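Just below is one structure, and these are the notes that go with it.
The values are calculated or read from the model by the stated rules, or taken from the named source; none is laboratory data. Since we're looking at a predicted model, the values are computed, not measured. A quick note on method: Cβ atoms are made from the backbone with ideal geometry, for glycine too, and the neighbour counts reach across all protein chains shown. For accessibility, only protein heavy atoms count, side chains too; no ligands or nucleic acids. Shrake-Rupley method; radii C 1.70, N 1.55, O 1.52, S 1.80 Å.
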2 protein chains.
Amino acid sequence: MTERVAIIDLGSNSARLIVMTIYHNGAYNLVYNQKETVRLSEGMTETGILTRDAMWRAVGTLKVFAHMCELVKVDKILAVATAAVRNAKNGAEFIDLVHQHTGIPLKVISGENEARFGYTGIINTIDIEDALLFDLGGGSTEITLVKNRQSVKVFSIPFGAVNLTEKFASQDKISESQLTAMREYIVNHLAKLPWLKRLGLPLVGVGGTARNIAKMDQKRKNYPFPKVHNYRFGLMAFEELWRELTKTSLTQRRKYPGLSSERADIIIAGTTIVKSLADISQATNIMVSGCGVREGMFLEYYLSKQQSSVIIPDILLHSTRNMLLFYKGNEPHADHVAKLADTMFEKWQPILRLTGRDRHLLRVAALLHDIGITINYYDHARHSAYLVENARLFGLTHREQMLVAVVAGWHNGPAAKYVRNKIYNEFLDQHNWQTARKLALLLALAEGLEATQLGLVQDVEPSITGNQALLKLITSDPVSIERQAASAHRKWFKKELGFELIIE
Amino acid sequence: MTERVAIIDLGSNSARLIVMTIYHNGAYNLVYNQKETVRLSEGMTETGILTRDAMWRAVGTLKVFAHMCELVKVDKILAVATAAVRNAKNGAEFIDLVHQHTGIPLKVISGENEARFGYTGIINTIDIEDALLFDLGGGSTEITLVKNRQSVKVFSIPFGAVNLTEKFASQDKISESQLTAMREYIVNHLAKLPWLKRLGLPLVGVGGTARNIAKMDQKRKNYPFPKVHNYRFGLMAFEELWRELTKTSLTQRRKYPGLSSERADIIIAGTTIVKSLADISQATNIMVSGCGVREGMFLEYYLSKQQSSVIIPDILLHSTRNMLLFYKGNEPHADHVAKLADTMFEKWQPILRLTGRDRHLLRVAALLHDIGITINYYDHARHSAYLVENARLFGLTHREQMLVAVVAGWHNGPAAKYVRNKIYNEFLDQHNWQTARKLALLLALAEGLEATQLGLVQDVEPSITGNQALLKLITSDPVSIERQAASAHRKWFKKELGFELIIE
């Protein structure tokens, strides 16, 4: 049966609620997301005590969350509190207060567990082998060293964007000396971690500060797609951004393009932590993940029902399958088209001249080519393209996702209208378009051979002789509809690959 | 439980299968659609007998359909045969043959029943009061006179695009004398129907000929949206198209923009029937429906479980509600936002200066503003716009559907990116954009007041005093989140309407 899981994450700066639905076929998706700025740690830097005001603000927000959980009939609530409550002398009192007034079983988690959830969220949604992860919150920063997708070192730094701001950067405009003091403070802390030095790895960040850095960089570059997850940029760009921010007043920052005004006061401390991490570890570039602790908590829960490891072996295939299940696609048809297309890819590789990566992209496009039916059967190829473009597919760069969208959209043949689409053109160059056309050709042939969706063409044996590409159909039926549908692409085949297509 | 219904429609020219799914919450949608050209009536004009070849072609195609029904686990098959079988001397033999080889319980329906199904399909998907409907098939043409949405006259003309072609237009290029003979033949037949003369009503067509006429006209006009249903055009344009077609050879027609090559041979006979109907009835314009017999059959089945009439009272609201259910939207939230927005529309009408029609559009946008969550929670307003733009919403013109899409997409405030979208700009003029902004403003305010989705702001009492627009909130809670979210639009309110918004 359908199960609804709520995840509540009460940080030092904000409180967040997400609700995930797990459908009976195993597909899952995010159905609700709410963020409220609570500033729970406000005023506790000196005393180490959560103030009465802050506690009541948090209880008020959690009441609203509890109400929502009831309303959408949540089956399970997983609620955690991080640094602020962890470090507060009156943390236990606060937990009681929350339970009494909201019924939410809030659990304080250690810095290590927080890091682990963040790691789980990232490793299953971004395709990385080795990297340095950071989860920069209001009151702590969790860092994790990842090698071969395994977490090998974990550390929780006891400061984040909020408490570091209170300590060093609460002025309207930070002074040069305060900035130096803050940097020294951070560097001294990080010096205790010798394994951090000169790693030479990508720096992958989650949390509000990381997301806002990505958004600001996107604004500066006029990035054509509003997506933060798996956004990558260079250190020069980040350095420039950081320098500029340190010279602004609070009023200027409130209007800074891409920066949320609620974060204007704490962004300098936040970016300075990132800057220090990048410097010390000699990061190669910065990547931002939209998935962190909350997604990690959900995935630990979800995966625990199916496997013992929290690592999904192939995140691209997993998320593709999840999309196919979610949109209730015809799985046997999708699998069969993917298989036929893949065989053609393999056997015609000498004339296709594509890469192994392209083969993965073809598989994703083939599995998802029909999901647009959920929007409207008519013109569904175009809708499949839109869904792929905007889907929560993991393990693809933004550019690859656009390319897969185009291929899925062309599963009946290439249509000029996609070429005119501004977004696609901003991501795809001449070579990418050529790749898309070749992959779409294979997909269209496979789709033609599955025109009746009955699996009548059991398999194909593609080969090459002289300037002819032969496609032998393995079938025990007449398959006239399938043959005709595939033959319709012979002209395109000739144009694209320069070979005569013979269907036997 | 989920129910799957297959509808099979075996005409003189083509065989069609659609599969509709009815979900447990009552939502329904089209999940599969297949069309095969069978030409069942081929060669029977002189003998009145279905040929052996034609019968076996049909049986082969129906076998494929039966296979598919099994594969997708169809619960019910509704299968009808029309003119070709109806008129054939060996029709009964054919029905047996089909049953024996495919198991499909094919039922021959009368011209009147065929007309009724077509009427049901049109009247529930196009917003018309009075019109002349025609369903132009391969072997017959059903016409229905509609007054106040009721079918008041029905007639089945015993010829359609295929048999009329065999009689008059089987040459490569039709001669002037043959064209005249064909027109006289049609007109003589229609002369028997005195009620047809000088009706002065819109002519609404379904069937392949009608759809192809729409597509050809769209190509000529470079129409920016690939949608045929509810497409409207003038008689001058149709007349021009018809004249041009009568002067072409078959080879030219096979490449004619917008015309399906399979229909190139029979399009002249088809369009000439339409031309005669338009002339005699003095039609005001032509409209095309993408929904006809098959949708009518489905709706009769679907509606019979809920009501005695086959007429849906409000097709716009019905299809909107169907979308909301299909995308599993949060209904209480959607209804509450729609209610709040509607109250503001009503009470602020003196400063909004919008029409009653705009009020309906606001309601649709409000009900559907969140459906984009199904694609991706992040950026879901943009996805809602895409879904509305492409949804099977009935009772809206294409322009209105684009306008509703923009309003739904702006439910958190106006974003410039929609303005840049080529399709929207082709449909919406300055005035439409202004309307969209005003409606979006009301929607955004209502959405703000429902920020926690808890219905805490039970109602609003909008009023106007001097240059201030007052919005009194009826609530028994503090609603600080809601108040803040709505207040964020005060600047926009002032800019759009010139009034100061005061939330009390």
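Observations
Quick grid of which residues meet (1) touching a Gly at 6+ places or on another chain (Cβ under 9 Å); (2) of a type in the set (Lys, Arg); (3) within 14 Å of chain A (Cβ to nearest Cβ); (4) over 30 Å from B:Glu331 (Cβ atoms):
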| site | (1), (2), (3), (4) |
| --- | --- |
| B:Gly11 | yes, no, no, yes |
| B:Gln34 | no, no, yes, yes |
| B:Thr47 | no, no, no, yes |
| B:Thr61 | no, no, yes, yes |
| B:Leu71 | yes, no, yes, yes |
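- Residue ID - nearest to A:Ser14 (Cα to Cα), chosen from residues in segment A:68-78 that are among the charged types (D, E, K, R) and either touching a Pro at 6+ places or on another chain (Cβ under 7 Å) or at pLDDT below 95 (or both): A:Glu70
- Beta carbons closer than 9 Å, at least 6 apart along the sequence or on distinct chains, pair a first residue in segment B:59-84 that is under 23 Å from B:Met1 (Cβ atoms) and without any contact (Cβ under 8 Å) to a residue 12 or more places away in the chain with a second that is of a type outside the set (Gly, Ala, Ser) and open to solvent by less than 40 Å² (accessible area, probe 1.4 Å) for B:Leu71/A:His333; B:Leu71/A:Gln453; B:Leu71/A:Leu454.
- Of residues in segment B:247-259 being of a type outside the set (A, V, I, L, M) and in contact with a helix residue (DSSP H, G or I) (Cβ under 6 Å, 6 or more places away or on another chain), the one farthest from B:Ala161 (Cα to Cα): B:Pro257
- Only one entry in A:Phe168, A:Phe155 is of a type in the set (Phe, Trp, Tyr) and over 22 Å from A:Thr37 (Cβ atoms), namely A:Phe155.
- Subset of segment B:390-400 (residues that are facing chain A (nearest Cβ under 7 Å) and aromatic (Phe, Trp, Tyr)): none
- Residues of segment A:190-214 satisfying the condition of being within 20 Å of A:Ser12 (Cα to Cα) and touching a strand residue (DSSP E or B) at 6+ places or on another chain (Cβ under 9 Å): A:Gly205, A:Val206, A:Gly207, A:Gly208, A:Thr209, A:Ala210, A:Arg211, A:Ile213
- Checklist (1) surrounded by fewer than 21 Cβ atoms within 10 Å (Cβ to Cβ); (2) on the phi < 0 side of the Ramachandran plot; (3) within 14 Å of another protein chain (Cβ to nearest Cβ); (4) of a type outside the set (A, V, I, L, M) applied to A:Thr374, failing item: (1)
- The condition (being modelled with pLDDT under 95 and either away from every other protein chain (no Cβ under 14 Å) or within 22 Å of B:Thr320 (Cα to Cα) (or both)) is satisfied by just one residue among B:Asp379, B:Asp358: B:Asp379.
- Exclusive hit being over 15 Å from B:Ile268 (Cβ atoms), at pLDDT below 95 and not hydrophobic (A, V, I, L, M, F, W, C), set B:Ser170, B:Ser151, B:Ser140: B:Ser140
- A:Asp279 vs. criteria open to solvent by 20 Å² or more (accessible area, probe 1.4 Å) and under 24 Å from A:Asp127 (Cβ atoms): no
- Lone qualifier among A:Leu449, A:Leu473 - being more than 18 Å from A:Gln349 (Cβ to Cβ), over 37 Å from the mean Cα position of the chain (by Cα) and open to solvent by less than 30 Å² (accessible area, probe 1.4 Å): A:Leu473
- Filtered by the rule that a residue be open to solvent by less than 10 Å² (accessible area, probe 1.4 Å) and within 14 Å of another protein chain (Cβ to nearest Cβ), segment B:424-446 gives a lone residue, B:Tyr424.
- Put simply, of A:Leu387, A:Leu340, A:Leu368 the only residue that is farther than 20 Å from A:Asp127 by Cβ, within 14 Å of another protein chain (Cβ to nearest Cβ), in contact (Cβ under 8 Å) with a residue 12 or more places away in the chain and surrounded by 24 or more Cβ atoms within 10 Å (Cβ to Cβ) is A:Leu387.
- Filtered residues of segment A:320-355 (kept if small (Gly, Ala, Ser), modelled with pLDDT of 95 or more and farther than 18 Å from A:Pro462 by Cα): A:Ala334
- The condition of being of a type outside the set (A, V, I, L, M, F, W, C), open to solvent by less than 10 Å² (accessible area, probe 1.4 Å) and part of a helix (DSSP H, G or I) holds for A:Thr209.
- Qualifying residue in segment B:79-98 (condition: at pLDDT below 95, assigned to a helix (DSSP H, G or I) and within 14 Å of another protein chain (Cβ to nearest Cβ)): no
- Matching option when the condition is over 15 Å from B:Ile104 (Cβ atoms), polar (S, T, N, Q), touching a Ser or Thr at 6+ places or on another chain (Cβ under 6 Å) and touching a residue at least 60 places away in the same chain (Cβ under 8 Å), among B:Thr37, B:Thr45: B:Thr37
- The residues of segment A:43-58 that are part of a helix (DSSP H, G or I) and either farther than 16 Å from A:Ser14 by Cβ or at pLDDT 90 or above (or both), listed by number, are A:Thr45, A:Glu46, A:Thr47, A:Arg52, A:Asp53, A:Ala54, A:Met55, A:Trp56, A:Arg57, A:Ala58.
- All positions within segment A:92-114 that are crowded, with 17+ Cβ neighbours inside 10 Å and of a type outside the set (S, T, N, Q): A:Phe94, A:Ile95, A:Leu97, A:Val98, A:Ile104, A:Leu106, A:Val108, A:Ile109, A:Gly111, A:Glu114
- The test for being farther than 27 Å from A:Ile315 by Cα and surrounded by fewer than 19 Cβ atoms within 10 Å (Cβ to Cβ) holds for A:Asn467.
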